[in-house]
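The values are calculated or read from the model by the stated rules, or taken from the named source; none is laboratory data. Predicted model, so just to flag it, every value in this text is computed and none were measured. Cβ placement follows ideal geometry from the backbone for every residue including glycine, while neighbour counts extend to all protein chains displayed.
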């Protein structure tokens, strides 16, 4: 099957297989505009609505995991904020702020392998208050979770769990030695089993191949992930990947378009690294098939000023005044 026939299949709503996506990748960068154009049409036909989220770095630093890209790992001398879980009132005020800005979701993000008992109970208490008083959906990214924990989070008002796989099964051992890919899959499966939306994808630009990117995408299909947050590595001094080359806009848009064609009816969100890899081309993510992005700052690095992000959405008619 040639590229033209594959793109025709995509336009008709078919989710592309790993092999079909591989044929399109072989045509890059020469066919990028054609692939982007199809991905943009697929986004519209698939009914993906504009989607925004904002996060709070609720507990930062001193993580015992050794993920080679992460500034929060205690294994590396990166200069990153270090603080315990913030107070309930700070979580509540952040939710109010993001709701006023028009964000669909707020993500509560905590460093560490998983939540301790005291922190977990405090997070649940804050979630009950926010979900009952603030017009915003709640997501959490707090490390590994058991099925029981995921069920309790749903009961407290969380609607989503964010838990990235980071990369493909075949490449993951190059990135982390303190936990396994299977452990990450287990948390993702627990989120789905508890009836929560699963926000799950990875980081691109870690040194992985295109074949490994397609391998990751295939795994996300198997997990039935609901939202796919695409992150582009922003190398941080002090981490082992400090010298990694930043992905070009061409590469970032190619990844966005291919992921849309493989997941035509899912949310495709552009998150960390957007303002660096896509500098000057941020609006193009919607033409490449994305339907949303993370508002404002990232976990340990600054993003765009909030008003700039909102202006992007207004300019494209994706958000009212």
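Here are the numbers:
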quantity: Some residue of region 220-232 being in a helix (DSSP H, G or I), touching a residue at least 24 places away in the same chain (Cβ under 8 Å), more than 25 Å from residue 184 (Cβ to Cβ) and in contact with a helix residue (DSSP H, G or I) (Cβ under 7 Å, 6 or more places away or on another chain); calculated: no
quantity: Of all residues making up region 110-152, the number that are under 21 Å from residue 190 (Cα atoms), in a loop (DSSP other than H, G, I, E, B) and within 22 Å of the chain's Cα centre (by Cα); calculated: 10
quantity: Residues of region 85-97 satisfying the condition of being in a loop (DSSP other than H, G, I, E, B) and touching a strand residue (DSSP E or B) at 6+ places or on another chain (Cβ under 6 Å); calculated: 85, 86
quantity: Checking residue 66 against (1) in contact with a helix residue (DSSP H, G or I) (Cβ under 9 Å, 6 or more places away or on another chain); (2) at pLDDT 95 or above; (3) part of a loop (DSSP other than H, G, I, E, B), the condition it does not meet; calculated: (1)
quantity: Residue satisfying condition, being more than 30 Å from residue 112 (Cβ to Cβ), without any contact (Cβ under 8 Å) to a residue 24 or more places away in the chain and assigned to a loop (DSSP other than H, G, I, E, B), within set 47, 30, 13; calculated: 30
quantity: Filtered residues of region 276-306 (kept if touching a helix residue (DSSP H, G or I) at 6+ places or on another chain (Cβ under 9 Å), part of a helix (DSSP H, G or I) and surrounded by fewer than 19 Cβ atoms within 10 Å (Cβ to Cβ)); calculated: 284, 306
quantity: Single residue of 21, 39 found to be touching a helix residue (DSSP H, G or I) at 6+ places or on another chain (Cβ under 6 Å), modelled with pLDDT of 95 or more and within 29 Å of residue 314 (Cβ to Cβ); calculated: 39
quantity: Members of region 98-109 found to be surrounded by fewer than 24 Cβ atoms within 10 Å (Cβ to Cβ) and part of a loop (DSSP other than H, G, I, E, B), listed by number; calculated: 102, 104
quantity: Options 158, 204; residue that is touching a strand residue (DSSP E or B) at 6+ places or on another chain (Cβ under 6 Å) and closer than 23 Å to residue 75 by Cα; calculated: 204
quantity: Some residue of region 193-211 being in contact (Cβ under 8 Å) with a residue 60 or more places away in the chain, in contact with a helix residue (DSSP H, G or I) (Cβ under 9 Å, 6 or more places away or on another chain), part of a helix (DSSP H, G or I) and over 30 Å from residue 311 (Cα atoms); calculated: yes
quantity: Subset tally (residues that are touching a residue at least 12 places away in the same chain (Cβ under 8 Å), within 16 Å of residue 114 (Cβ to Cβ) and surrounded by fewer than 17 Cβ atoms within 10 Å (Cβ to Cβ)) for region 157-188; calculated: 3
quantity: Of all residues in region 221-243 being out of contact with any strand residue (DSSP E or B) (no Cβ under 6 Å at 6 or more places or on another chain) and under 27 Å from residue 23 (Cα atoms), the one that is surrounded by the most Cβ atoms within 10 Å (Cβ to Cβ); calculated: 223
quantity: The lone exception for residue 95 - which of (1) surrounded by fewer than 21 Cβ atoms within 10 Å (Cβ to Cβ); (2) under 27 Å from residue 309 (Cα atoms) it fails; calculated: (1)
